[in-house]
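*Asks:* Okay, handing you the structure first.
The values are calculated or read from the model by the stated rules, or taken from the named source; none is laboratory data. Just so it is clear, the structure is predicted and the values come from calculations on it, not from any experiment. Note that we place each Cβ from the backbone using ideal geometry, even for glycine, and neighbour counts take in every protein chain shown. Only protein heavy atoms, including side chains, enter the accessible area calculation; ligands, DNA and RNA are left aside. Shrake-Rupley method; radii C 1.70, N 1.55, O 1.52, S 1.80 Å.
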Amino acid sequence: MESEAIANLASLLDSDFSDAVTCILNSKGRVIITGIGKSAIIATKIVATLNSTGTPAVFMHAADAIHGDLGLILENDVVICISKSGNTPEIKVLVPLIRRAKNKMIAITGNRDSFLGKNTDYLLNTYVEKEACPNNLAPTTSTTAQLVMGDALAVCLLELRGFTSNDFAKYHPGGALGKKLYLRVSDMSDVNQKPQVNPNTNIKEVIIEISEKMLGVTAVVENNKIVGIITDGDLRRMLTKSNDFSQLSAKDIMGASPKTIEANAMAVDAKEMMESHGITQLLVEKQGEYAGIVHIHDLIKEGII
């Protein structure tokens with residue numbers, strides 16, 4: 001029942017929706033969103049979505065509004081009132097006060113003929129035939145419709161503002177989501193050790209370098225330029241092919257075409273490279289010179305994987 005109600009929402013959209021979006025977009029103030037009961041809970045989620053996508057928003061409980069919180073509403077703010085029936089006592093008291101202050105008002109309601117529906121600048125119709133509750137009482141389908149309408153507003157505003165993933169990262173610096181948007185390869189490689197040998201380094205010293213730096217790999221470097229890579233796997237293959245490796249040097253067993261990534265690249269780019277090539281580490285370059293190692297364990301630790 002809820003999915004059918006959501007599918008039907010598109011047919012209820014009219015010019016009031018686009019006009020409401022334009023009103024918010026052109027507003028020099030914030031969006032104040034209010035409601036009562038379950039609609040108030042939906043309002044807090046819409047506030048959070050708007051704030052995280054570049055539209056400043058504040059929640060104001062409809063009951064608290066008529067007991068002092070009306071002071072939240074400033075001159076240029078746009079007010080969104082959410083109510084399934086549009087006829088609750090709090091809404092009937094609140095709406096005239098908002099109208100008197102001459103703030104633009106957007107109604108999200110399932111009842112066009114309600115007090116709210118008839119006393120708003122823009123009406124976003126979230127009519128549902130029936131609640132999913134067997135008794136048709138508990139707000140279920142109606143609150144889902146309200147939530148979707150709020151998401152639609154937020155996404156339209158996001159697109160019109162040209163809100164990018166870089167902007168999104170500014171508002172989501174914490175957690176794995178934020179790290180995917182701002183964490184760079186250098187943030188991880190700079191804290192790792194930096195194993196390196198030259199092409200003529202003997203195998204014993206290569207083994208020591210890999211063991212001491214504990215990354216399972218070393219870069220082969222000449223004049224600060226990467227010329228190869230030696231991994232634990234290269235050492236194991238060497239042991240199966242030769243009984244005497246005392247005369248071998250790094251250049252004899254190194255891979256000459258290592259996968260590299262720029263220090264300034266995003267951590268998610270490193271993840272994609274490792275996955276596409278089936279490897280667990282990348283050599284890092286900065287302006288064409290060897291800068292370190294980024295390991296799959298770094299990505300796991302940071303929550304990128």
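*Asks:* Give me log10 I(q)/I(0) at q = 0.13, 0.16, 0.17 Å⁻¹ for the range 1-163, Debye formula, one equal scatterer per alpha-carbon, no solvent.
*Replies:* Once normalised to I(0) and log-transformed, intensities are -0.54, -0.84, -0.96.
*Asks:* Next question. Per residue, how much accessible surface does the chain expose to a 1.4 Å probe? Answer in Å², no decimals.
*Replies:* Ligands and nucleic acids excluded, the figure is 51 Å² per residue.
*Asks:* Count the net charge of all other residues whose Cβ sits under 13 Å from the Cβ of LYS241, scoring Lys and Arg as +1 and Asp and Glu as -1.
*Replies:* -1
*Asks:* Next question, about the same structure. Between ASN76 and ASN135, what is the label-point separation in nm under the 7 Å Cα-to-beta-carbon projection?
*Replies:* If labels sit at ASN135 and ASN76, their model points lie 4.8 nm apart.
*Asks:* Among ILE42, ILE82, ILE296, what's the order by accessible area (1.4 angstrom probe), most exposed first?
*Replies:* Accessible-area ranking of ILE42, ILE82, ILE296, largest first: ILE296, ILE42, ILE82.
*Asks:* To continue, here is another question. What distance in nm separates the two pseudo spin-label positions at ASP113 and LYS213, each 7 Å out from Cα along the beta-carbon direction?
*Replies:* Placing both labels 7 Å beyond Cα along the Cβ direction yields 7.8 nm.
*Asks:* Right, something else. May I have the convex hull volume per residue, in Å³, for the Cα set of the range 84-131?
*Replies:* 59
*Asks:* Note down, for the range 182-302, the three equivalent ellipsoid semi-axes (square root of 5 times each alpha carbon gyration tensor eigenvalue), biggest first, whole angstrom.
*Replies:* Here the semi-axes work out to 25, 14, 12 Å.
*Asks:* Testing the spin-label approximation: label points 7 Å from Cα along Cα→Cβ at TYR182 and LYS28. State their distance in nm.
*Replies:* 3.1
*Asks:* Using only alpha carbons, build the gyration tensor for the range 94-235 and give me the equivalent ellipsoid semi-axes, biggest first, whole Å.
*Replies:* 64, 19, 11
*Asks:* Find, to one decimal place in angstroms, the Kirkwood hydrodynamic radius of the range 95-171, where the mean of 1/r is taken over every pair of different Cα atoms and then inverted.
*Replies:* When all Cα pairs of the range 95-171 are included, the Kirkwood radius is 14.7 Å.
*Asks:* For helix 38-52, what angle does its Cα long axis make with the longest principal axis of the chain, in degrees from 0 to 90 and rounded to 10?
*Replies:* It works out to around 40 degrees.
*Asks:* Here is a further query. Counting pairwise Cα distances across the chain, what percent come out greater than 30 angstrom?
*Replies:* 53
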